[in-house]
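Beneath this line is the structure, given in structure tokens, with notes to follow.
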Number of protein chains: 2
Amino acid sequence: MAAPLTIALDAMGGDFGPEVIVPAADLCFRRHADIAYLLFGDERKILPVLEQHPELMERARIMHTEKAVAMDAAPSQALREGRRDSSMWNAIESVKSGKSDVVVSAGNTGALMAMSKLCLKTMPDIERPAIAAVWPTVNGRCIVLDVGANVGASARQLSDFAFMGAAMARALFHIDRPAVSLLNIGVEEIKGLREVKNAHRWLADSDLSIDYRGFVEGDRIGHDAADVIVTEGFSGNIALKTAEGTARQFAKELRSALSSSLLTRMGALLARSAFEKIKTKMDPNEQNGGVFLGLNGIVIKSHGGADAKGFASAIETGYNMARGRLVAHIKEDLEKFHVSLDATDVLQNGS
Amino acid sequence: MAAPLTIALDAMGGDFGPEVIVPAADLCFRRHADIAYLLFGDERKILPVLEQHPELMERARIMHTEKAVAMDAAPSQALREGRRDSSMWNAIESVKSGKSDVVVSAGNTGALMAMSKLCLKTMPDIERPAIAAVWPTVNGRCIVLDVGANVGASARQLSDFAFMGAAMARALFHIDRPAVSLLNIGVEEIKGLREVKNAHRWLADSDLSIDYRGFVEGDRIGHDAADVIVTEGFSGNIALKTAEGTARQFAKELRSALSSSLLTRMGALLARSAFEKIKTKMDPNEQNGGVFLGLNGIVIKSHGGADAKGFASAIETGYNMARGRLVAHIKEDLEKFHVSLDATDVLQNGS
């Protein structure tokens, strides 16, 4: 068996704190025996929950902190008040110091991004990290990025996202040559943004190990158009949220239609297993865990409202990223890409 | 009864031409007896279908054209080849000359936009038209714009979209003071685009007749957050397409889950009425008809692949827009808004 992986958990993050984080850690540990945990947060709150999971106790160490970052704190305020001794900061710092391999938090997204950048720093030549989400598709899953870390992106940033997303696809889906597409709009008259067009050209010309598939429209994301779908953070966040809202809307309409008569209620009862199946498939909890890409360390952001199953899924994403040596692979790929860009002098002309 | 409305139909547009357009015209005429049609296109193809609808024949006049704009023609090519004698151009021109009150086409979107702009011209102070879509929500419908006519939008354009969308909501939903929101992303750290923030300020300060509700995220669009949701065309198109794709994905998963066992198949049979209900509710055909706003005339774009019911829904949207005196109301509202902007000198400072 490989050496154990150490996963740092911000045990105070999210809407529920240790009540959800500790059982989630136990759930994921049952699937992967090679995990050790560092649980950052208030020992008085963590320990009582941890004691209910005796097997986990042997593999988890509580790293006591007095402070926790409030879910509604502004990032600047969180940095001012929580730096150096909050559960979130100390968990991130354990990755920097090499005490842990990955950090998972359900805390305040803005604070987590600000602290991660300040503590771990971005990789060479990366201006800002991106947030990548795992998106359920008809026949599997795909990765969509950026879903909200950046508003707007240059052609070079979009290309960086493509290679970072591809490295993540390799680690998560175990494929050598991920299919990559750029999100665009298809109205004939509109030729798309200049940045998107330039990135399109660079990706098509790249000899790095991706299967570049060209442009894709929003309606193809969930229909297995590619393993990695690249866009800037404004439209990516809107796409992600719109898909979540639409799935919830569909489920709501379905429940209401099924409860409208005795006959439909009987039918719903008989077909219950089908509804449970689809609920699992379309549940954002199942694919929980946004990955911050472009930092010198792996940071996973869980939904704040995730339950134990949902947070366990975020931990598992972190586990896969660490086992897949995500950071090292991204560094190599980006270096190669930037060298090839410089070599062809595209940097002087491109946006 | 009010004077009849004359609706111009591009009978050659869309994937099916007169085979779908003519029966759709008949369907809508049965709901609104005060409609007269001008059917633009090849008489040899239109007449045989029209003859199957004797009542419609009395209210429809064929306006013969030899040319039709190809569905895959580039807008510039369509303008070069189809100007002045294609079914699309002549239908649009009938609005300009006052022969008809509104034009509906299922043809090439880029060509329709290019011809509409060239022929009808934009309203004073409007740089580019927007495309507004009707979006099904849990408890009704809302209007989303721009869904693809513009990539990017200034604060002033976003504000114009808000007032144009509100005028459309008045005509379509018969409400005096439509609720309006700006689409934005919610990650704390990101404060949104400067354009979006400025538009936010202007709309909040406006004394025009809208109920401005502030920012909304993508997941609230389908959940009755507002009557009008405003964004620029790139993210708007991606939101619209993503919602369509997600609804289709959900339906596909549902079908597959329901056919997985004898029990679920029996349940599906019993609950059939519920599935038909939800299919109708989430079907893009039901809310068919993108409206070009900001032109000196009303142009409705139907999905190219719409069936007769879908195209009839686009005609009905056009009917409501014309009956609601959309163009006149938009002109008035925009004039008031621009005057108030100029008065407060915001134009000098804003983006």
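Only residues that are surrounded by fewer than 20 Cβ atoms within 10 Å (Cβ to Cβ) and without any contact (Cβ under 8 Å) to a residue 40 or more places away in the chain: list them for the range A:206-218, please. Passing the criteria: A:D211, A:R213, A:G214, A:F215.
The single condition among (1) out of contact with any Ser or Thr (no Cβ under 9 Å at 6 or more places or on another chain); (2) modelled with pLDDT of 90 or more that A:R156 does not meet is (1). The residues of the range B:257-276 that are more than 7 Å from chain A (Cβ to nearest Cβ) and closer than 26 Å to B:W135 by Cα, listed by number, are B:R272, B:F275, B:E276.
Only one entry in B:A162, B:A130, B:A153 is within 29 Å of B:K99 (Cβ to Cβ), buried (at least 20 other Cβ atoms within 10 Å of the Cβ) and not charged (D, E, K, R), namely B:A130. Taken over the range B:39-57, the criterion of being surrounded by 11 or more Cβ atoms within 10 Å (Cβ to Cβ) and assigned to a helix (DSSP H, G or I) is satisfied by B:E43, B:K45, B:I46, B:L47, B:P48, B:V49, B:L50, B:E55, B:L56, B:M57.
Per the conditions (1) at the interface with chain A (Cβ under 7 Å from one of its Cβ atoms); (2) part of a strand (DSSP E or B); (3) of a type outside the set (V, I, T), the sole criterion not satisfied by B:G214 is (1).
List, please: which pairs have Cβ atoms under 7 Å, are six or more places apart or on different chains, and start with a residue in the range B:110-137 that is under 14 Å from B:I298 (Cα atoms) and end with one that is of a type in the set (S, T, Y) and not in a helix (DSSP H, G or I)? Close Cβ pairs (under 7 Å, with a partner that is of a type in the set (S, T, Y) and not in a helix (DSSP H, G or I)) amount to B:L112/B:S105; B:P129/B:T122. Could you list, in sequence order, all residues of the range B:3-38 that are surrounded by fewer than 24 Cβ atoms within 10 Å (Cβ to Cβ), assigned to a loop (DSSP other than H, G, I, E, B) and not aliphatic (A, V, I, L, M)? Scanning the range B:3-38 gives B:P4, B:D15, B:F16, B:G17, B:H32, B:D34.
The range A:61-166 holds helices (runs of 4 or more DSSP H) entirely within its bounds, and those carrying 1 or more residues that are out of contact with any helix residue (DSSP H, G or I) (no Cβ under 8 Å at 6 or more places or on another chain) and within 23 Å of A:Q287 (Cβ to Cβ) map to A:87-96, A:109-120. Tell me, yes or no, whether the range A:277-284 has at least one residue that is more than 30 Å from B:T231 (Cβ to Cβ) and facing chain B (nearest Cβ under 7 Å). Yes.
When the test is whether a residue is under 16 Å from the mean Cα position of the chain (by Cα), of a type in the set (G, A, S), buried (at least 24 other Cβ atoms within 10 Å of the Cβ) and farther than 30 Å from A:E43 by Cβ, A:A106 does not pass it.
In the range A:219-227 there is at least one residue matching the filter, namely being at pLDDT 85 or above, surrounded by 24 or more Cβ atoms within 10 Å (Cβ to Cβ) and more than 10 Å from every other protein chain (Cβ to nearest Cβ). B:V95 meets each of the listed conditions (1) surrounded by fewer than 24 Cβ atoms within 10 Å (Cβ to Cβ); (2) touching an Asp or Glu at 6+ places or on another chain (Cβ under 9 Å); (3) within 29 Å of B:G148 (Cα to Cα) apart from (1). Checked against (1) within 14 Å of chain B (Cβ to nearest Cβ); (2) more than 18 Å from the chain's Cα centre (by Cα), A:A133 passes all but a single condition, namely (2).
The values are calculated or read from the model by the stated rules, or taken from the named source; none is laboratory data. Because the structure is a prediction, the values reported are computed rather than measured. We place every Cβ from the backbone using ideal geometry, glycine too, and count neighbours over all the protein chains shown.
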